[in-house]
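Asker: Dropping a structure here in structure tokens format, bear with me for questions.
The values are calculated or read from the model by the stated rules, or taken from the named source; none is laboratory data. A quick note: this is a predicted structure, and the numbers were derived from the prediction, not measured. Please note: Cβ atoms are built from the backbone with ideal geometry, for glycine as well, and neighbour counts cover all protein chains shown. Please note that ligands, DNA and RNA were not included when accessible areas were found on the heavy atoms of the full protein model with its side chains. Shrake-Rupley method; radii C 1.70, N 1.55, O 1.52, S 1.80 Å.
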Amino acid sequence: LLLCATQSLFTCDTQQGSVAHANGSSPTSIQAPTVPPIDCKSNPPTYTFIQGWQLLALAVSLFVPKNSRLLWYLKLHLSRNADSKTECGKYAAYCERALERTMQNGGRETKPSRMEVLSILLKNPYHHSLPHAIPVHMMNTTYQVVSFDGSTTIEEFHCTLAQEIGCRDSTNGFTLFSDDPIEKDLEHYLDPQAKLCDVISKWETALREKGSGKFENSRVIQLTYKNRLYWKHAAKLETEKERLLLCYQINLQVVQGRFPLSRDLALELASLMAQIDMGDYSSDKSKTNSLQALDKFYPYRYRDALNQEGLKELQDLLSAKWALLRGRSILDCVRIYLTCARKWPFFGAALFQAKPRHSDQAMAWLAVSEDALSVLELSSMATIARYPYSSVMTFGGCQDDFMLVVSAEDTLQSVSNEQKLLFAMSKPKILEITLLIADYMNALGHTLPGTPQMNTLTRNGSHRSIR
């Protein structure tokens with residue numbers, strides 16, 4: 001594809017120059033005729049040059065020619081045609097930049113996405129150093145539009161986003177997730193080394209396969225920025241933006257029943273979130289605002305069974321507590337909220353609902369934190385068992401279950417040398433919890449020498465890292 005594009009452009013460029021010199025003018029002064037000639041090969045219209053350059057602009061971000069002579073020829077061709085005056089020259093200048101980026105970051109895995117193709121076709125990429133752009137959604141319902149090119153990795157995209165919104169780089173534990181094109185409530189952690197354009201292309205391909213080859217123009221990939229790895233010792237290094245986003249992320253856990261708290265504490269936290277999200281309490285719209293605050297910030301389980309009278313009483317209590325916060329700044333409320341929430345030992349831990357196979361217990365929570373995996377009781381969220389990463393021998397997928405094998409010296413639950421635990425979970429969740437534990441262990445230096453084989457991470461095998 002790249003060879004054909006460059007050869008056709010070189011041929012057209014030579015023919016255009018020949019016609020120009022024959023007329024006694026420079027090649028750049030030739031204008032395409034209003035009515036195309038019958039023989040388009042000897043005198044092609046101008047738009048064919050643009051189409052050729054558009055094709056090349058897409059191709060150079062996909063791969064670098066393996067043949068050194070072809071690569072040299074391509075660089076020379078781009079350098080010869082690049083300028084800032086003509087439309088073709090601008091495309092050539094962009095192709096030069098895109099080729100350098102591909103040589104720096106490596107080639108791609110998949111074909112260009114529909115989003116990428118439209119971006120190149122609808123505007124000349126020369127005018128933008130990063131020709132593509134996509135919104136990234138935050139936990140506080142805001143979004144940030146971030147630009148990228150065909151070679152941008154998730155890590156580079158993350159660094160650009162963090163700089164624009166006032167967060168630290170990838171060391172802050174925040175990362176990017178994408179929605180699933182088929183499952184509504186499923187999210188996917190994005191590998192920092194993957195190319196963003198590859199992620200978008202794979203998402204579109206999955207969506208198209210779901211629709212039997214038909215493409216849904218109304219749907220596009222949705223990226224979300226939120227915390228994935230939480231480090232207690234780094235709390236003092238958090239920026240104001242990170243703390244604000246953490247508040248909204250913890251609030252989502254509170255609303256969904258993934259955070260243990262009493263009704264009174266839930267009401268206090270809901271009033272703080274109302275002050276953060278909506279500002280000072282307004283008596284003019286008291287009923288509407290308080291009901292909206294209950295919907296967004298108060299746990300479902302505490303208000304689902306209430307009748308109209310009970311709901312009105314709850315609204316009045318929330319309004320009273322919210323009114324007491326008048327004049328409090330967002331930063332002040334965020335500080336109070338996080339100070340209170342951090343008292344729970346599993347603050348920042350990722351929670352997965354699972355069914356233990358090794359016991360009669362119906363369901364439980366698996367809490368993945370920075371130093372251990374803990375099993376929590378479903379309703380009270382009290383600790384049932386705790387397995388430090390230093391005691392983990394093997395973990396990962398085992399058929400339709402998540403498997404955890406721990407050494408007996410660190411657990412009082414068994415008298416044998418090893419204890420094998422199985423938890424029934426969906427396969428996407430098995431993959432998510434496996435990668436999360438692996439990343440925590442890699443960061444802490446508890447890396448298992450084994451590599452993932454048959455969807456399982458084990459100590460046995462080669463001496464490469466988990467990744």
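Asker: From the list LEU306, LEU325, which residue is over 33 Å from the mean Cα position of the chain (by Cα), closer than 16 Å to ASN251 by Cβ and part of a loop (DSSP other than H, G, I, E, B)?
Answerer: On the way: LEU306 fails: closer than 16 Å to ASN251 by Cβ.
Exactly one of LEU306, LEU325 is over 33 Å from the mean Cα position of the chain (by Cα), closer than 16 Å to ASN251 by Cβ and part of a loop (DSSP other than H, G, I, E, B), namely LEU325.
Asker: Which residues, counting only those in segment 375-388, are among the hydroxyl-bearing types (Ser, Thr, Tyr) and surrounded by fewer than 20 Cβ atoms within 10 Å (Cβ to Cβ)? Full working, then the answer.
Answerer: Filtering segment 375-388 down to residues among the hydroxyl-bearing types (Ser, Thr, Tyr) leaves 379-380, 383, 387.
Within segment 375-388, SER379, SER380, THR383 meet the criteria.
Asker: Does any residue in segment 190-210 that is aromatic (Phe, Trp, Tyr) come within less than 9 Å, Cβ to Cβ, of a residue that is open to solvent by 30 Å² or more (accessible area, probe 1.4 Å) and part of a loop (DSSP other than H, G, I, E, B) six or more places away or on a different chain, and which pairs are these?
Answerer: Short answer, once both residue conditions are applied: TRP203/VAL220.
Asker: In addition: Can you go through THR142, THR110, THR102, THR153 and tell me which one is free of Cβ contacts under 8 Å to residues at least 40 places away in the same chain and among the β-branched types (Val, Ile, Thr)? Spell out how you get there, then give the answer.
Answerer: Details: THR110 fails: free of Cβ contacts under 8 Å to residues at least 40 places away in the same chain; THR102 fails: free of Cβ contacts under 8 Å to residues at least 40 places away in the same chain; THR153 fails: free of Cβ contacts under 8 Å to residues at least 40 places away in the same chain.
Criteria check complete, one pass: THR142.
Asker: Go through (1) in a loop (DSSP other than H, G, I, E, B); (2) farther than 30 Å from SER218 by Cβ; (3) without any contact (Cβ under 8 Å) to a residue 24 or more places away in the chain and name the single condition LEU130 misses.
Answerer: (2)
Asker: Keeping to segment 298-352, report how many residues are at pLDDT 95 or above and of a type in the set (S, T, N, Q).
Answerer: Summing the residues that are at pLDDT 95 or above and of a type in the set (S, T, N, Q) in segment 298-352 gives 2.
Asker: Being open to solvent by 60 Å² or more (accessible area, probe 1.4 Å) and modelled with pLDDT of 95 or more: is that true of VAL145 here?
Answerer: Working: open to solvent by 60 Å² or more (accessible area, probe 1.4 Å): yes; modelled with pLDDT of 95 or more: yes.
Here the answer is yes, as VAL145 does meet what is asked.
Asker: Take the conditions in contact (Cβ under 8 Å) with a residue 40 or more places away in the chain, under 12 Å from the mean Cα position of the chain (by Cα) and not assigned by the TED database to the domain that holds MET103 and apply them to LEU223. Does it pass?
Answerer: On the way: in contact (Cβ under 8 Å) with a residue 40 or more places away in the chain: yes; under 12 Å from the mean Cα position of the chain (by Cα): yes; not assigned by the TED database to the domain that holds MET103: yes.
In short, yes.
Asker: Six or more apart or on different chains, Cβ under 7 Å: which pairs go from a residue in segment 282-303 that's closer than 14 Å to SER271 by Cα to one that's modelled with pLDDT under 90 and among the small types (Gly, Ala, Ser)? Could you list them?
Answerer: Hits for this filter: ASN289/SER282.
Asker: Of the residues in segment 203-225, how many are modelled with pLDDT under 95, out of contact with any Pro (no Cβ under 6 Å at 6 or more places or on another chain) and open to solvent by 20 Å² or more (accessible area, probe 1.4 Å)?
Answerer: Residues flagged as modelled with pLDDT under 95, out of contact with any Pro (no Cβ under 6 Å at 6 or more places or on another chain) and open to solvent by 20 Å² or more (accessible area, probe 1.4 Å) within segment 203-225 amount to 14.
Asker: Return the only residue of SER286, SER262, SER290, SER282 being of a type outside the set (Phe, Trp, Tyr) and at pLDDT 90 or above. Quick ask: steps written out before the conclusion?
Answerer: Working: SER286 fails: at pLDDT 90 or above; SER290 fails: at pLDDT 90 or above; SER282 fails: at pLDDT 90 or above.
Unique residue meeting the criteria: SER262.
Asker: Evaluate the following for GLU187: is it over 12 Å from the mean Cα position of the chain (by Cα) and modelled with pLDDT under 95? Write out each step before concluding.
Answerer: Working: over 12 Å from the mean Cα position of the chain (by Cα): no; modelled with pLDDT under 95: yes.
No.
Asker: If you don't mind, another one. In segment 150-164, how many residues are part of a helix (DSSP H, G or I), more than 12 Å from the chain's Cα centre (by Cα) and surrounded by 20 or more Cβ atoms within 10 Å (Cβ to Cβ)?
Answerer: Number satisfying all stated conditions: 1.
Asker: What residue, of ASP332, ASP371, is surrounded by fewer than 17 Cβ atoms within 10 Å (Cβ to Cβ) and either touching a residue at least 40 places away in the same chain (Cβ under 8 Å) or of a type in the set (Val, Ile, Thr) (or both)? Spell out how you get there, then give the answer.
Answerer: Numbers: ASP332 fails: either touching a residue at least 40 places away in the same chain (Cβ under 8 Å) or of a type in the set (Val, Ile, Thr) (or both).
Step by step, each of ASP332, ASP371 is checked, and only ASP371 is surrounded by fewer than 17 Cβ atoms within 10 Å (Cβ to Cβ) and either touching a residue at least 40 places away in the same chain (Cβ under 8 Å) or of a type in the set (Val, Ile, Thr) (or both).
Asker: Further, regarding this structure: Going through segment 261-301 one residue at a time, which ones are over 15 Å from LEU311 (Cα atoms), open to solvent by less than 40 Å² (accessible area, probe 1.4 Å) and in a helix (DSSP H, G or I)?
Answerer: Listed by number, the residues that qualify are LEU269, SER271, LEU272, MET273, ALA274, GLN275, ILE276.
Asker: Taking the residues in segment 122-137 that are touching a Ser or Thr at 6+ places or on another chain (Cβ under 8 Å) and within 17 Å of LEU245 (Cα to Cα) as candidates, determine which candidate is surrounded by the most Cβ atoms within 10 Å (Cβ to Cβ).
Answerer: Checking each candidate, the answer is VAL136.
Asker: Would segment 241-256 turn up any residue that is out of contact with any strand residue (DSSP E or B) (no Cβ under 9 Å at 6 or more places or on another chain), part of a loop (DSSP other than H, G, I, E, B) and either at pLDDT 95 or above or exposed (fewer than 15 other Cβ atoms within 10 Å of the Cβ) (or both)?
Answerer: Looking for residues that are out of contact with any strand residue (DSSP E or B) (no Cβ under 9 Å at 6 or more places or on another chain), part of a loop (DSSP other than H, G, I, E, B) and either at pLDDT 95 or above or exposed (fewer than 15 other Cβ atoms within 10 Å of the Cβ) (or both), one finds at least one in segment 241-256, hence yes.
Asker: For segment 389-411: of the residues being outside any strand (DSSP E or B) and over 26 Å from GLY445 (Cβ atoms), which is most open to solvent (accessible area, probe 1.4 Å)? Spell out the reasoning first.
Answerer: Step one: list which residues in segment 389-411 are outside any strand (DSSP E or B), which gives 389-391, 399-400, 408-411.
If we keep only those that are over 26 Å from GLY445 (Cβ atoms) too, we end up with 399-400.
Details: GLN399: 173, ASP400: 93 Å².
Once the filter is applied, the top-ranked residue is GLN399.
Asker: Going by the conditions given, is VAL60 buried (at least 21 other Cβ atoms within 10 Å of the Cβ) and either out of contact with any helix residue (DSSP H, G or I) (no Cβ under 9 Å at 6 or more places or on another chain) or β-branched (Val, Ile, Thr) (or both)?
Answerer: Numbers: buried (at least 21 other Cβ atoms within 10 Å of the Cβ): yes; either out of contact with any helix residue (DSSP H, G or I) (no Cβ under 9 Å at 6 or more places or on another chain) or β-branched (Val, Ile, Thr) (or both): yes.
When the stated conditions are applied, VAL60 passes them.
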